1. How long is the chain along each principal axis, judged by its Cα atoms, biggest number first, in Å?
2. Using a Förster distance of 22 Å, how high is the FRET efficiency between L69 and T45, based on the Cβ-Cβ distance and rounded to 0.05?
3. Please give the charge dipole size of the chain, origin at the Cα centre, charges +1 on K and R Cβ atoms and -1 on D and E Cβ atoms. Round to the nearest 20 debye.
4. At 222 nm, what value in deg cm²/dmol follows for the chain if DSSP H runs of at least 4 each add -39500 (n - 2.57) and the sum is divided by all its residues, to the nearest 500?
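Bear in mind that the values in this text are calculations on the coordinates, not laboratory data. Note that this is a predicted model, so its numbers are computed, not measured. Cβ: placed from backbone, ideal geometry, glycine included. Neighbour counts: every protein chain shown.
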Amino acid sequence: MADDTKKRVSIGTFISQVRTEGSKIAWPTWPDTLRTAIMVMIMATILGLFFFGVDSFFGLIVRKLIELL
């Protein structure tokens with residue numbers, strides 16, 4: 001029902017609109033991209049180590065509890 005109210009455009013018009021919208025995008029510079037990639041790698045490493053530690057801790061607790069049985 002919502003499809004009935006949408007205006008259909010030709011493929012040429014669609015591509016033209018996509019190019020117009022694409023030109024409005026503020027693309028990041030190479031240094032910004034590099035800085036962001038490094039921050040993502042650092043945060044992924046920190047979180048990976050954190051969750052490894054938490055998992056190891058709870059695994060140790062479960063093993064100790066099982067040994068009690």
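1. In descending order, the Cα extents are 71, 44, 14 Å.
2. The pair L69/T45 has a calculated efficiency of 0.05.
3. 220 debye
4. Helices in the chain give a 222 nm mean residue ellipticity of -27500 deg cm²/dmol.
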